[in-house]
Structures are given as structure tokens and as C-alpha cells.
Ligand code: DGP
């Protein structure tokens, strides 16, 4: 079954798309955790980082090129931002189609929540 992000890529589900090229698409997260929260997604449906192969390197490298462009366009390149990729349960992954979170527009604080 197609992932929810494949449905966004195919325009079967609406989203606020901010960038698209031959290999990746980027759209605003439905539940933003920061003033700028954009998901950058390879068009190829790869479930998790564990499923990445060498043939995916071009598309996955493109996530960074796109992130830099999108950060600049959203005015957060100089102030800074965080790029995040979650994997499986302990990583907090909810959508099993690899994606990079681009978060910024405020100071994001420590990288991880503190736990005992
Ligand atoms: P992760 O936990 O890393 O798998 O993040 C999944 C993100 O996807 C989460 O921040 C919410 C977002 N999301 C889930 N469904 C949709 C959707 O239908 N549209 C958009 N724009 N974002 C979605």
C-alpha cells in the first residue's frame, strides 16, 4: 500500500508543497513543532534508514541540497535550523517513508529531551 507521503507526492492528499524536483518533494508538516517545520521526502518509497541502499545515495543527498535551499527561502539559513531523521520505534518514526524534518524559526534548545 502506498504511504501517506506517496499519496501526497501523487496529489491524492492535499499538502502545502514548498519544493519539488525529480528526486524529492518538500511540504509543511501537518503538526508543526516549530515556526518552520517542513518534511523533505524522497519520491522513492523507502521505509526506514535501515532499508537504504547505495542506489539511493543520489536521492538522499538531494535531501540536503533541498534543505539548504528551503532554509534560505524561509529566512532561517543564517539563524539556523535542525535536520532530523527518525528510525523505527525508539527513534519515534510514525510514517514509514523516509523523510527529513527541517525545523527552525526559533531556538530549538537541547537536541534531546532530558530523561532520568
Ligand atoms: P516521524 O515521526 O519522523 O515519522 O514524522 C512524521 C511526521 O509526518 C509528523 O511530524 C507528522 C507528519 N505528517 C503525518 N501525516 C501527515 C500528512 O498527511 N500531511 C503532512 N503534511 N504531514 C503529515
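Quick note: the coordinates plus some simple rules give every number you see, no bench work behind them. Every value quoted in this text rests on a predicted model; they were computed, and no experiment measured them. Methodologically, a virtual Cβ is constructed for each residue, glycine included, from the backbone with ideal geometry; neighbour enumeration extends over all protein chains shown.
Between 75, 91, 105, the residue with the greatest mean-square fluctuation in the GNM of the chain (Cα pairs under 10 Å linked by springs) is 91.
Shape analysis of region 52-111 yields a ratio of the Cα radius of gyration to the Kirkwood radius, Rg/Rh, of 1.01. Modelled spin labels at residue 90 and residue 116, positioned 7 Å past Cα toward Cβ, are 2.1 nm from each other. Among 79, 15, 31, the largest mean-square fluctuation in a Gaussian network model of the chain (Cα springs under 10 Å) belongs to 31.
Multiply the residue gap between residue 73 and residue 52 by 0.36 nm, knock off their C-alpha separation, and tell me the result in nm, one decimal place.
4.7 nm
From its DSSP helices (H runs of at least four residues, each -39,500 (n - 2.57)), the chain gives a residue-normalised ellipticity at 222 nm of -6500 deg cm²/dmol.
Within the listed set 72, 89, 12, the Gaussian network model of the chain (springs between alpha-carbon atoms below 10 Å) gives the highest mean-square fluctuation for 89.
Here the translational diffusion coefficient of the chain follows from Stokes-Einstein with Rh set to the Kirkwood radius across Cα pairs; for 10 °C and 1.306 mPa s it amounts to 108 µm²/s. Size descriptors for region 1-44 (Cα atoms only): Rg and Dmax, in that order, 10.3, 32 Å.
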